[in-house]
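So the structure is just underneath, and the comments pick up after that.
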Amino acid sequence: MSSLRPFCLTTWLAAPAAAALLLLTPALQSHAQTPAAQATPAPAQSADPASTSPSQTTVAATSPEQRGITARAIDKVKQAAKSASDIFNRVPCQPPKDGSKAMGSLPHVAGKLVAGLPVVIVAFGSSSTQGFGASSPEFNYPNRLAAQLRRHYPTADISVINAGVGGEDAPEMMKRLQTQVIDRHPDLVIWQVGTNAVLRNLDPGETAKMVEDGISRIQAAGGADIVLVDPQYSPAVNQRAESAGKMVKLLGKVAELRHVGIFPRFEVMRDWHEKQAIPVEGFVIADGLHMNDWGYACFAQLLGDDIIRSVGQIKLGVNVPADVRTYRPM
């Protein structure tokens with residue numbers, strides 16, 4: 001890829017609480033270890049920090065010092081949650097007021113929520129799914145989306161899996177579609193695609209064809225709900241305006257033909273700049289391509305609002321076709 005291709009990031013934790021506990025565990029072990037424990041080797045920890053969860057971590061905090069360490073870790077988690085909620089204090093996140101936008105209905109997700117069954121969401125894409133440009137893992141869009149959905153559905157078991165790999169587009173994504181998406185048996189796939197194809201001067205038509213083939217494979221495997229996310233509005237993408245315009249149009253057409261949802265990120269971000277008068281540097285980092293914390297947070301908020309609205313319509317018995325092209329702000 002061009003020089004715009006981001007370097008490979010290490011795997012991030014799925015939630016701030018897991019991050020705090022992971023940092024906390026070595027310190028607690030050094031204080032809590034007994035002679036018997038020293039004589040018996042502890043089970044090996046997973047090499048993947050994301051696989052560690054509070055339920056998998058046993059902490060014996062009995063001394064005042066240990067309780068102090070635990071309290072500090074809890075304070076860090078609370079501070080992370082506060083920073084996540086405070087991000088819109090500077091600039092509020094508002095939906096477009098006069099454009100059209102499409103999500104469609106999400107019957108698979110709605111059915112699982114009504115039945116009280118676990119919901120698995122796979123966020124599939126490149127660096128803006130992985131979270132390049134965010135100041136910490138909590139601010140990438142899959143983590144922000146997961147937090148919003150869990151707040152709205154507090155009794156539901158909702159997992160949002162980040163399957164973003166920087167620098168990729170449809171050719172590379174199709175190679176891992178089976179293992180990273182289909183084999184996870186998702187209820188919803190959010191597929192962000194097309195930006196790197198524009199930057200690499202790939203044929204938008206070929207990209208659209210591969211995406212359509214991928215949608216067919218996902219649908220044939222289990223009928224998961226699907227939402228496409230088109231390229232971002234940013235200086236690097238806008239330098240290739242003709243190709244970007246074709247990509248946005250073709251992805252919209254694929255969504256219509258395959259009866260899946262689409263979140264028109266390009267138009268939403270353009271609305272931030274042209275209609276809401278937010279400077280580009282207010283939602284894009286210095287590389288002119290990737291979103292910053294506010295950009296990821298607002299993108300996740302609006303996407304989450306659409307998911308919640310679509311699920312609500314299904315729960316109420318309103319069968320909204322997936323190719324509806326109207327949008328009404330909440």
Subject >> ASP271 being in contact (Cβ under 8 Å) with a residue 60 or more places away in the chain, of a type outside the set (A, V, I, L, M), outside any strand (DSSP E or B) and surrounded by fewer than 16 Cβ atoms within 10 Å (Cβ to Cβ) >> reply: no
**OP:** Consider PRO95 carefully, then state whether it is in the same structural domain as LEU228 (by TED's automatic domain parsing), more than 13 Å from the chain's Cα centre (by Cα) and part of a loop (DSSP other than H, G, I, E, B).
**Re:** no
**OP:** Determine whether segment 240-252 contains at least one residue that is surrounded by fewer than 17 Cβ atoms within 10 Å (Cβ to Cβ), in contact (Cβ under 8 Å) with a residue 60 or more places away in the chain and in the same structural domain as MET291 (by TED's automatic domain parsing).
**Re:** no
Original post:
Which numbered condition trips up ILE285, out of (1) aliphatic (A, V, I, L, M); (2) touching a strand residue (DSSP E or B) at 6+ places or on another chain (Cβ under 8 Å); (3) buried (at least 19 other Cβ atoms within 10 Å of the Cβ); (4) more than 24 Å from LYS175 (Cβ to Cβ)?
Top reply: (3)
Subject >> Long-range neighbours under 9 Å by Cβ, at least six apart or interchain, first residue in a helix (DSSP H, G or I) within segment 299-319, second of a type in the set (Lys, Arg) and modelled with pLDDT under 90 >> reply: LEU302/LYS101; ASP306/LYS101; ARG309/ARG328
**OP:** Among the residues of segment 136-189, write down those that are of a type in the set (Asp, Glu) and within 14 Å of the chain's Cα centre (by Cα).
**Re:** GLU138
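The values are calculated or read from the model by the stated rules, or taken from the named source; none is laboratory data. Since we're looking at a predicted model, the values are computed, not measured. FYI the Cβ positions are ideal-geometry reconstructions off the backbone, even for glycines, and counts take in every protein chain you see.
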